[in-house]
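Structure, as structure tokens:
The values are calculated or read from the model by the stated rules, or taken from the named source; none is laboratory data. For clarity, every value in this text was computed on a predicted model and none was experimentally measured. All Cβ positions, even for glycine, are placed from backbone atoms using ideal geometry, and neighbour counts span all protein chains on display. Just the protein is used for accessible areas: all its heavy atoms, side chains included, with ligands, DNA and RNA removed. Shrake-Rupley method; radii C 1.70, N 1.55, O 1.52, S 1.80 Å.
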Amino acid sequence: MASGSGHNRVGPLPGALLLALPLLLVALLFSVRSSPFSSSISLPRIPAHPSAERGRSIIWSARRVVEWRPCNWWSAKTSIALPAKSNGYIRVDCYGGLNQMRRDFCDGVGIARLLNATLILPKFEVAAYWNESSGFADVFDVDFFVKQTEGFVNIVRELPEDVTSREPFKVDCSKRNGNFDYIESVLPALLVHRFISITPAMAQRRDRYPLYAKAALCQACYRALRLNKDLEAKASLLLNAIPKPFLTLHLRFEPDMVAYSRCEYTGLSPKSVAAIDAARGERTPWTGNNAIAWRNRGKCPLTPNETSFILQALAIPTNTNIYLAAGDGLLELEGFTSAYTKVYTKSSFLDRKEFASMHGNTKAALDYHVSIHSDGYIATYFGNMDKMVSAMRSLKGMEKTLFLSRRAFANYSAMGLRGQELADAMWRVHLEDFVMGRGYALPDCFCEFGL
């Protein structure tokens, strides 16, 4: 979790110790209790907390001690003017789903400023199963982006004639091991070839970024990227159709997600098991002690039934309007809807024919738009979308954002907690996370501010 510049950091807070004591006492109490770990746990529906009156969850009503806001050095903009001469042109090659591509492009803006390069608007290359390939303008508002990034980075919509006739020199940084340094590894190629394409690295040496390069990344990612007019109009129609107030739940329990986690579950329907097995390929699930350790590290996606249990433990009323932001093929959903009955999805409001013709990027854009405008946002995973949504909600001052702790649920379950004991433990863990602003997975653009 990024902390940004030191003068924005929160000093030692006595309240944090008080909030942590109940959690430590529970851990000590149950550390002497050992019980065989089971991936199949009976999760009875628990009564809502008495405090959850008037249809409002007590988790949101707790007074926060810390919140995240844009760092001062970003908000005040950079005082470093753009150099008069560029070192060359950079095109960012973006692959995957919409939020992964957005992350890579944001990184690309920072890299271009770091290397004093001119950025070319990218073409998004989507994975084959999406069956689509779209340009930047197919998703985002180009004019708005260019205007909002003036003074932060040099951008061109098209290459000059003397450059456009040749292909860029490709620099693939995505699979480099260790913390990747662009100044050492990419700048020499840019100076030689003058036109390069890059795929950003997963692990980057952002500590080498001067503030003006970080400010360019932050400005581009959080204040310059908005959906184009057509997509925004569709998203607004969807947002207006959802009953208010409502909570967005980003629930991840699709076959490929479960297969990729290498976790195994008992008690699933034969249809779900078959779908997961078909998606596993060579990714066989962990077994024995490895499976226990993996799950206790929080690596296993929460099932819809487990998600329902935790939400009830947090006193989220079961009559809450919930917009389900999820991919296609979500498994075991009845484990959630048996308790929470007011659940809506994109297909609940969109024309069936139109929905069937939508590409993955369009669906992801709709979910993103709804998520950053919903009254509350809860996610069961730390994915690219969740990090982007939490940052945008922080930027808008929308504090009702929470990430469910897979690690805490697994650890307390392994200790033998069940029913109300487990619910109470989940309540304490998530209350502390919410009050302390913990778990937001925000990037370097945001800093902690004491309240």
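Couple of notes before you dig in:
- One chain, two ends: Leu237 and Asn290. Fully extended at 0.36 nm per residue, the span grows by 14.4 nm beyond their Cα-Cα distance.
- The range 337-422, accessible area per residue, ligands and nucleic acids excluded (1.4 Å, Å²): 38 Å²
- Label reach from Val163 (point 7 Å along Cα→C-beta): in the range 92-113, amide nitrogens under 12 Å belong to 92.
- Semi-axis lengths (Å, descending) of the ellipsoid that matches the C-alpha gyration tensor of the range 71-116: 23, 17, 5
- Solution diffusion estimate, µm²/s, Stokes-Einstein, the range 278-415, Kirkwood Rh from C-alpha pairs, 4 °C, viscosity 1.567 mPa s: 77 µm²/s
- Among the listed pairs Lys363/Lys400; Lys244/Lys396; Lys363/Lys387; Lys234/Lys271, a Cα-Cα separation exceeding 26 Å is found for Lys234/Lys271.
- Global form of the range 292-348, assessed from the alpha-carbon gyration tensor, a/c cut-off 1.5: oblate
- Gain on full extension, evaluated as 0.36 nm per residue between Arg283 and Ala189 minus their Cα-Cα distance, stands at 30.1 nm.
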